[in-house]
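Heads up: the structure comes next, in structure tokens.
The values are calculated or read from the model by the stated rules, or taken from the named source; none is laboratory data. The model shown is predicted, which means the values in this text are computed figures rather than measured ones. Here the Cβ is made from the backbone with ideal geometry for all residues, glycine too, and neighbour counts use every protein chain on show. Side chains are part of the model used for accessible areas, which takes the heavy atoms of the whole protein and leaves out ligands, DNA and RNA. Shrake-Rupley method; radii C 1.70, N 1.55, O 1.52, S 1.80 Å.
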Amino acid sequence: MPGVDPLDLVETIRESLLVLEPDLTVRFANRAFCQTFAVAPEHTVGRKLYELGDGQWDIPGLRASLETIVSGKKTIEAFEVDHVFPSIGRRVMALNARKIYRHGNNIKQILLAIEDVTERVRLERERSAANERIGMLMQELTHRVKNSLQSIAAMVMIEARSHKSGQGKAALERVSHRIDAIGQLYAKLSKSDTVEAVDAATYLDDLCRDLVASVDRNGGRAIALETDIESVRLPTDRAIPIGLIVNELVTNAVKYAFPARAKGTVIVTLKRVPGELRLTVADDGSGFDPRRADSGLGGRLVEGFAQQLGGRVERESGSQGTTVRLILPSPEDAVSKSASE
């Protein structure tokens, strides 16, 4: 625009603007700057930036950055100044600066834009504090849930031990193991930095080892456990049914797969394949006995949890052992589905 001084144009901009000489002398201050900081142009123009006011702009890092702009291609983006200004109180200002050229000559100057971001920063800090508080409360909640579940599981087990034998004792023991499986999940969550997901490798591996040790404590046998569990982040609402499925399958294998043998092996794996997550519990025992009293209930629980997870169960059993596979949608697909719902 011939005949129009660019400095006249910036007077219409609401953002505070300064034009600085290479030595940081203020060449121009727009109306917004003077109004915002309650200063007169004659007390601003011609003075060094770091001499303005009570020295609020005398910041070593800012000065160093501004001084390198003219000599190179450096710019300043979102440099924050948190200061108590004499006329407007405490404010957080975001500074952006770059080198400019006046039309028709080779004069190098710096255009410094100053934006008041006090309210935005306040909201961000409040949101961060609120999120931190929520996180602490959730951690405390998971810790209390864990303790409560462990107490309930212990009471059920004590009740089971009061029965010398029979289906009532076995049923109470299985209930205690199911409660403990959920309790272990919350124990992992209470020690992590999130309550939304748990690492499958640590959760399921520890669960399996505790199950083998607990179920076979008085069995007089040597049941070996082998695990190959991939580190997969399981959302909490999916980790609970997966943990209960593992509880059922491992408990069944340890208690019933080796009726006439003192030794045996239970293998638990969890692997990701394209589009799927596959959980496998296998043993080298004598095969599945459909006449077992609790076989129907355990099977129905596993099928029910699998349907809840949108997966399916495959079983193979024979004289060389039993293998049960749980095939689930991949964790990524599950997260997408959950988000869409």
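Remarks
- In region 171-184, the residues that are open to solvent by 40 Å² or more (accessible area, probe 1.4 Å) reach residues that are of a type in the set (S, T, N, Q) with C-beta atoms within less than 6 angstrom, at least six apart or across chains, in these pairs: R178/N247.
- Pairs, first over 16 Å from R233 (Cβ atoms) in region 264-279, second exposed (fewer than 13 other Cβ atoms within 10 Å of the Cβ) and modelled with pLDDT of 90 or more, C-beta under 8 Å, six or more apart: T265/E226; V266/E226; I267/E226; I267/D228; V268/E226; V268/D228; T269/D228
- Residue within region 28-38 that is in a helix (DSSP H, G or I) and more than 24 Å from T118 (Cα to Cα) present: no
- Residue within region 214-230 that is open to solvent by 60 Å² or more (accessible area, probe 1.4 Å) and at pLDDT 85 or above present: yes
- Residue list for region 265-280, filter: open to solvent by 10 Å² or more (accessible area, probe 1.4 Å) and of a type outside the set (D, E, K, R): T265, I267, T269, V273, P274, G275, T280
- Enumeration of residues in region 1-39 that are modelled with pLDDT under 85, over 20 Å from R90 (Cα atoms) and either crowded, with 17+ Cβ neighbours inside 10 Å or of a type in the set (G, A, S) (or both): G3, V10
- Inter-residue pairs, beta-carbon under 8 Å, first farther than 19 Å from K169 by Cα and in region 146-158, second among the aromatic types (F, W, Y) and crowded, with 18+ Cβ neighbours inside 10 Å, 6+ apart: K146/Y186; L149/Y186
- Hits in region 40-52 - residues which are surrounded by fewer than 17 Cβ atoms within 10 Å (Cβ to Cβ), touching a helix residue (DSSP H, G or I) at 6+ places or on another chain (Cβ under 8 Å) and touching a residue at least 12 places away in the same chain (Cβ under 8 Å): P41, Y50
- Being buried (at least 20 other Cβ atoms within 10 Å of the Cβ) and either at pLDDT below 85 or part of a loop (DSSP other than H, G, I, E, B) (or both) holds for only one residue in L249, L234, L297, L211, and it is L211.
- Some residue of region 189-203 being among the basic types (K, R), open to solvent by 30 Å² or more (accessible area, probe 1.4 Å) and at pLDDT below 85: yes
- Meets criteria (modelled with pLDDT under 90 and surrounded by 16 or more Cβ atoms within 10 Å (Cβ to Cβ)) for P290: no
- Only one of the listed residues (D206, D180) is at pLDDT 75 or above, farther than 17 Å from S231 by Cα and out of contact with any strand residue (DSSP E or B) (no Cβ under 8 Å at 6 or more places or on another chain). That residue is D180.
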